[in-house]
Ligand code: NAD
């Protein structure tokens, strides 16, 4: 990709920018934020790491939405993070208002760009982005499951002492308390994870995965997570930028898949140069499907709170 713009250069935005630059996932990273001077300062700071990390990626920071011109991909991390004790849904109204302004700028300056939503509640905001932008649903998507799956993998690695390199996990559904970790689809180098972990321990890992973000927020107190979120966004960008056709859990607009329509939520997708190439439909068993439906219900309740477009 030639150009990626990150809107919102807070903790997640800055971390993502550093990784995109270091890994040369595009020629140019633009940073857009409402805080005066901040995106310019971050762009300079990151570019000054180029001699250490050997990259040629250029960076530009601005408060002017016109910086969006020429973007192939816009990553939206603008918005309020939750505070300890809050759920992701508690920042819904504030973040929909912020997102709507960002979407107006995207419409005006780079209407053809792909849009990757990170701000929370990410399922609702991804749907909002597609509702407002319209067009091909494969070009508007969100990050949730890549992070949730990496949390689950890290907990399995901690529990078993095995390498994270061999651990594959899958988490679908909404990015919240009703997310759907799927142990049946988790493996250690192809071997079902149940071979290494008792059901009881796996249940504890599932619960810890569901509250993985809250655990970090409670510990950090004045910040929600941003290292793993930034790495998760960069992994999705890598799949797109290098047209890898990776299968990654992605917040996608559903149009009949999993029996759902007019909703965005985490499902496995093939990510390629055009964004989502297709949604992968898994044969979920009764229990997994029931969890998935609870997640649908929770997201629909939040979708009911967003204003008309
Ligand atoms: P932060 O407060 O550090 O950064 C938010 C940034 O958005 C700030 O720099 C702020 O100035 C900027 N901003 C606000 N309004 C803007 C606008 N109209 N245009 C441009 N920039 C604007 O927060 P953070 O920790 O980086 O988190 C950002 C968002 O990402 C939050 O909503 C958080 O909940 C979410 N998040 C999502 C995931 C995920 O997995 N999807 C993970 C972590 C955080």
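The set of residues in the stretch 85-133 that are outside any loop (DSSP other than H, G, I, E, B), away from the ligand (no atom under 11 Å from the Cβ), in contact with a helix residue (DSSP H, G or I) (Cβ under 6 Å, 6 or more places away or on another chain) and farther than 25 Å from residue 298 by Cβ comprises 109, 114.
Restricting attention to the stretch 134-163 and to residues that are farther than 23 Å from residue 224 by Cα and part of a helix (DSSP H, G or I), the residue that is farthest from the ligand (Cβ to nearest atom) turns out to be 160.
Consider the stretch 196-240 and keep the residues that are in a loop (DSSP other than H, G, I, E, B) and surrounded by fewer than 19 Cβ atoms within 10 Å (Cβ to Cβ). The one that is nearest to the ligand (Cβ to nearest atom) is 223. Among the residues making up the stretch 9-25, those that are within 11 Å of the ligand (Cβ to nearest atom) and part of a loop (DSSP other than H, G, I, E, B) are 9, 10. Quick check on my filter: what residues within the stretch 185-209 are under 21 Å from residue 147 (Cβ atoms) and touching a strand residue (DSSP E or B) at 6+ places or on another chain (Cβ under 7 Å)? Within the stretch 185-209, 186, 187, 188, 193, 206, 209 meet the criteria. Only one residue in 149, 113 is under 20 Å from residue 16 (Cα atoms), in contact (Cβ under 8 Å) with a residue 24 or more places away in the chain, surrounded by 21 or more Cβ atoms within 10 Å (Cβ to Cβ) and in the same structural domain as residue 269 (by TED's automatic domain parsing). Which one? Result: 149 is the single residue among 149, 113 that is under 20 Å from residue 16 (Cα atoms), in contact (Cβ under 8 Å) with a residue 24 or more places away in the chain, surrounded by 21 or more Cβ atoms within 10 Å (Cβ to Cβ) and in the same structural domain as residue 269 (by TED's automatic domain parsing).
Residue 269 fulfils the conditions (1) modelled with pLDDT of 95 or more; (2) closer than 18 Å to residue 88 by Cβ except for a single criterion, (2). For residue 6, indicate whether it is part of a strand (DSSP E or B), more than 9 Å from the ligand (Cβ to nearest atom) and surrounded by 21 or more Cβ atoms within 10 Å (Cβ to Cβ). Yes: the conditions hold for residue 6.
The criterion of being assigned to a strand (DSSP E or B) and more than 16 Å from the ligand (Cβ to nearest atom) holds for residue 268. Among the residues of the stretch 166-182, those identified as under 25 Å from residue 118 (Cα atoms) and not in a strand (DSSP E or B) are 169, 170, 174, 175, 176, 177, 178, 179, 182. In the set (1) buried (at least 17 other Cβ atoms within 10 Å of the Cβ); (2) within 15 Å of the ligand (Cβ to nearest atom); (3) not in a strand (DSSP E or B), residue 75 fails one condition alone, (3). Among the candidates 180, 171, 193, the residue that is more than 21 Å from the chain's Cα centre (by Cα), crowded, with 22+ Cβ neighbours inside 10 Å and farther than 23 Å from residue 79 by Cα is uniquely 193. Within the stretch 26-56, the residues that satisfy the criterion of being crowded, with 21+ Cβ neighbours inside 10 Å and away from the ligand (no atom under 11 Å from the Cβ) are 26, 29, 30, 43, 46.
Scan the stretch 279-295 for residues that are in contact (Cβ under 8 Å) with a residue 40 or more places away in the chain and outside any loop (DSSP other than H, G, I, E, B) and the total you get is 5.
The values are calculated or read from the model by the stated rules, or taken from the named source; none is laboratory data. Computed from a predicted model, the values in this text were never measured in an experiment. Neighbour counts run over all protein chains shown; Cβ positions are idealised from the backbone, glycine included.
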